[in-house]
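The values are calculated or read from the model by the stated rules, or taken from the named source; none is laboratory data. Computed from a predicted model, the values in this text were never measured in an experiment. Here the Cβ is made from the backbone with ideal geometry for all residues, glycine too, and neighbour counts use every protein chain on show. When the accessible area is computed, the model is the full protein with side chains, heavy atoms only, and any ligands, DNA or RNA have been set aside. Shrake-Rupley method; radii C 1.70, N 1.55, O 1.52, S 1.80 Å.
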Amino acid sequence: MFQEILNHIEEVIELTESEKERFTSILIQKKLRKRQFLIQEGDTVKYEYFVASGCLKAYEVDDNGDEHIIQFAKENWWISDFKAFFEEGKATLNIDCIEASVVYGIEKQDLESLFIDVPKFDRFFRIKLTSAFLALQNRILSSLDKSNGERYIDFQTAYPNLEQRIPNYMIANYLGMKPESLSRIRKSLVHGHS
């Protein structure tokens, strides 16, 4: 147990056996079914989650009841309603499972004490947070000044090998286009136009 997350962390920092034990002692494991909620709007968000297996989506529901997907998370990705997690507030996002999933959760106060006890974890999470911030900035810029085709190619780069696991309508939703537009873009790319 916990080998996936330890491998993920050791890509960035080296850990001693006692540091591994200290870290894994604060993790909780959740096994979720397909379509099961990890977080629902209005929940108090106590954890950020590492995806050990499976695939999840984070989304907002507008006043008309329409979903707006803002993130997918597969193996080795982190997911939560980060605003609610860091501000210790209520979730404005929903997160549910596209596939049956296993996640490991870390509570905020456990994370803070880990940073004090094992400072290299502070560096690890800073690197991950920076990477997430840059990905979000790229996504915003892409939505502002790129064509649908370019945004789709950006999606393929950001989420390699994920298309086969996610229904087309969810990818289209994430990209802010209709499923028919996504189908046209895919056809044109297969035939060598963009």
Report summary line: Filtering the stretch 42-74 for residues that are surrounded by 20 or more Cβ atoms within 10 Å (Cβ to Cβ), over 27 Å from GLN109 (Cβ atoms) and of a type in the set (D, E, K, R) leaves a count of 2
Report task. Report the residue count in the stretch 60-84 for those that are within 17 Å of ALA135 (Cβ to Cβ) and either touching a His at 6+ places or on another chain (Cβ under 9 Å) or not aliphatic (A, V, I, L, M) (or both). Result -> 11
**Report entry** Which numbered condition LYS30 misses (of (1) under 19 Å from ASN173 (Cβ atoms); (2) over 12 Å from the mean Cα position of the chain (by Cα); (3) charged (D, E, K, R))
**Finding:** (1)
Query raised in the report: Would you say ILE70 is touching a residue at least 12 places away in the same chain (Cβ under 8 Å), under 29 Å from THR157 (Cα atoms), in a helix (DSSP H, G or I) and within 16 Å of the chain's Cα centre (by Cα)?
Result: no
**Report entry** Conditions (1) of a type outside the set (S, T, N, Q); (2) buried (at least 16 other Cβ atoms within 10 Å of the Cβ); (3) touching a residue at least 60 places away in the same chain (Cβ under 8 Å); number of the one not met by ARG165
**Finding:** (2)
Report task. Six or more apart or on different chains, Cβ under 8 Å: which pairs go from a residue in the stretch 11-33 that's in contact (Cβ under 8 Å) with a residue 40 or more places away in the chain to one that's open to solvent by 80 Å² or more (accessible area, probe 1.4 Å)? Could you list them? Result -> VAL12/ARG123; ILE13/ARG123; ARG22/ASP117; GLN29/MET1
